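Reviewing the structure listed below.
The values are calculated or read from the model by the stated rules, or taken from the named source; none is laboratory data. If you're wondering where the values come from, they're calculated on a predicted model, not measured in any experiment. We place every Cβ from the backbone using ideal geometry, glycine too, and count neighbours over all the protein chains shown.
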Amino acid sequence: MPSASLLAQSILSGILIGGLYTLLGLGLSLSWRFLQVINLAHFAFVFLAAYLSYQLIGVAGLNPGLALLILLPIFFLIGIALQYLLIRFSVNEFASLLVTFGILVLLETLIQWIWSADFRRLETSYGTASIKIGAIYVPIVECLMFFVAVIVAVVTWAWLKFTYVGKALRASAENPIIAGAYGVNHKRLAYLIAGISGATAAIAGVFIALISTLAPAQVVVWLGVVFAAVILGGLGNPLGLLVASLVIGVSEAITMAVTAPTWAPLVSFTLLIAILILRPHKV
Amino acid sequence: MLEVRALDVSYGDAPALWGISMTVGAGELVAVVGPNGAGKTTLINSIARILPSRGGSIWLDGVEVTALPSQAMCELGVALIPEGRRLFVGMTVEENLEMGCYRPAARLHRVQGMERVYEIFPILKERRRQIAGTLSGGQQQMLAVGRALMARPKLLLVDEPSLGLSPLITQQLFEVLKKIHADGMSMLLIEQNVAIALDIAERVYVVEGGRIVSTGKPKDLLATRHIREAYLGEDVEAGSR
Ligand SMILES: Nc1ncnc2c1ncn2[C@@H]1O[C@H](COP(=O)(O)OP(=O)(O)OP(=O)(O)O)[C@@H](O)[C@H]1O
Ligand SMILES: [Mg+2]
């Protein structure tokens, strides 16, 4: 049994990594629910954004906030471009899985071609800074990432819940034809949500560049666990995603502390399978 | 108000409507009756432009709208109450009403619109935070009517509002539709229950096999043997008169 402080440290890192899962999953969840696109390429977008952040912050010496401001509109447009292609070739939900997987592999190769297969590490003065509270180290950038994840999830949730556009998106996901008859322009909203999904990849990318070592093969590392969080949280439900991400992050961290790191991936999938069996209609 | 000229509609290669021509005048209540599979829903969906047509044209206040998308029909003041209600069942009652007034011109009148709907259907006000899918059939139909009213339409397209409702609820619903019409709304009503349709409508089209087979005022149709035999179940041959 690990000590209390080690356990507390694990729980904290589980919570913080939950923030990363939320940032990674949001775009996936939104495009799955509202565009019927299971966008595997999203993970490649995230790493493209991470490598670009590495370039902008590490090589060009920009401040991370400024790098994010530059990347947000770029990835908004990338999201729209992908959606344009998917509409242009009328790709359905299942086919989108295959097509976006193809794009994922393509982008991974592109990243490897530009930045090589070597590990890249963004060295900043603040990247690994942490403050000590009691016996626990609190990493500052990861805390910031967590707060950004909470804010983004809550704002997206409120936007979907309270605005006309959000309601139109939900109505359109349920019944696009009738929503259309009441004036909802599904295509325009689809581009908007595709752009927003893309922009969330930029946010996740900047943080990954700051807190983690980059390698092309990393692109798919979080795929499984993020899928689990997206499905557990409910498609198109940002708050559900946040909660699911935290549950998975903390359970993983505790599992790692109590057993061995190799057991961690089992946690999310055990949870996922359990929930799929218990409430299949919710997915 | 509405004019349909020689409309042809098919599902893939299977034709469903042949050369339908009809009109609805301003403030008029016109009913379309006919047996199952006659093409009534096809007609009304095509007028709402959620179903494309293969030939013919549709005109609204003298303007051709055949090439317009359904969103534009909504902007022009046509609201559809579709067959089977087709509510946004995962959303609340209030959100369904808000989707009714999604078009910008109607959105400005959201508050008055909602007051009016809640005045007509007080039960919807009580249930405004409830998920639409959990309402009873009658309440769902009320919500479908309310959603359409929120769009501030000039022309209401109503497809079989009585579907799946008890006779009592049906009667109450028709009282409301009558009232809405009396306040000046033009209405195209599809109804399987011919007795009700003939009672409420000013003019009636009878559709069979994708064609209009007869048309006229309810009292004229009531005088024809075909209507009485086929739709009102009377045995004219052995009739008592
Ligand atoms: N989505 C569809 N695809 C193919 N054929 C269809 C479709 N919808 C309707 N049809 C066919 O078109 C014809 C007209 O159907 P429609 O639904 O318009 O009839 P209706 O008069 O509304 O009938 P009901 O009284 O049962 O509602 C029928 O033969 C039907 O089988
Ligand atoms: Mg029908």
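Worth pointing out:
- Evaluated against (1) touching a Ser or Thr at 6+ places or on another chain (Cβ under 9 Å); (2) surrounded by fewer than 20 Cβ atoms within 10 Å (Cβ to Cβ), B:VAL204 falls short on exactly one condition, (2).
- If you check A:GLY224, A:GLY236 for being under 13 Å from A:GLY25 (Cα atoms) and at pLDDT 90 or above, only one passes: A:GLY236.
- Test result for B:THR66, touching a strand residue (DSSP E or B) at 6+ places or on another chain (Cβ under 7 Å), more than 15 Å from ligand 1 (Cβ to nearest atom) and of a type in the set (S, T, N, Q): yes
- Counting only strands (runs of 3 or more DSSP E) that fall entirely inside the range B:54-162 and contain at least 3 residues that are at the interface with chain A (Cβ under 10 Å from one of its Cβ atoms), the qualifying elements are B:78-81.
- Filtering the range B:22-36 for residues that are within 14 Å of chain A (Cβ to nearest Cβ), part of a loop (DSSP other than H, G, I, E, B) and within 9 Å of ligand 1 (Cβ to nearest atom) leaves an empty set.
- Just one of the listed residues (A:TYR51, A:TYR84) is of a type in the set (Phe, Trp, Tyr) and farther than 28 Å from A:ALA173 by Cα, namely A:TYR51.
- The residue that is farthest from B:LYS154 (Cα to Cα), among those in the range B:15-34 that are within 16 Å of ligand 2 (Cβ to nearest atom) and more than 16 Å from the chain's Cα centre (by Cα), is B:ALA16.
- Within the range A:111-121, tally of residues that are of a type in the set (A, V, I, L, M) and surrounded by fewer than 15 Cβ atoms within 10 Å (Cβ to Cβ): 2
- Residue ID - surrounded by the fewest Cβ atoms within 10 Å (Cβ to Cβ), chosen from residues in the range B:48-61 that are more than 12 Å from ligand 1 (Cβ to nearest atom) and among the hydrophobic types (A, V, I, L, M, F, W, C): B:TRP59
- Residue in the range B:45-62 that is within 16 Å of ligand 2 (Cβ to nearest atom), touching a strand residue (DSSP E or B) at 6+ places or on another chain (Cβ under 7 Å) and hydroxyl-bearing (Ser, Thr, Tyr) present: yes
- Enumeration of residues in the range B:1-21 that are of a type in the set (A, V, I, L, M) and within 15 Å of ligand 1 (Cβ to nearest atom): B:VAL4, B:LEU7, B:VAL9, B:ALA14, B:ALA16, B:LEU17, B:ILE20
- Boolean, A:LEU214 is away from chain B (no Cβ under 14 Å), closer than 21 Å to A:LEU23 by Cα, crowded, with 18+ Cβ neighbours inside 10 Å and under 18 Å from the mean Cα position of the chain (by Cα): yes
- Within the range B:80-91, none of the residues are aliphatic (A, V, I, L, M), more than 29 Å from B:ILE120 (Cβ to Cβ), within 16 Å of ligand 2 (Cβ to nearest atom) and in contact (Cβ under 8 Å) with a residue 40 or more places away in the chain.
- All positions within the range B:161-190 that are under 25 Å from B:GLY55 (Cα atoms) and within 16 Å of ligand 1 (Cβ to nearest atom): B:LEU188, B:LEU189, B:ILE190
- Enumeration of residues in the range A:162-207 that are more than 14 Å from every other protein chain (Cβ to nearest Cβ) and among the β-branched types (Val, Ile, Thr): A:ILE193, A:ILE196, A:THR200, A:ILE203, A:VAL206
- Considering B:ALA106, B:ALA132, the condition of being closer than 21 Å to A:VAL165 by Cβ, surrounded by 22 or more Cβ atoms within 10 Å (Cβ to Cβ) and at pLDDT below 95 is satisfied by B:ALA106 alone.
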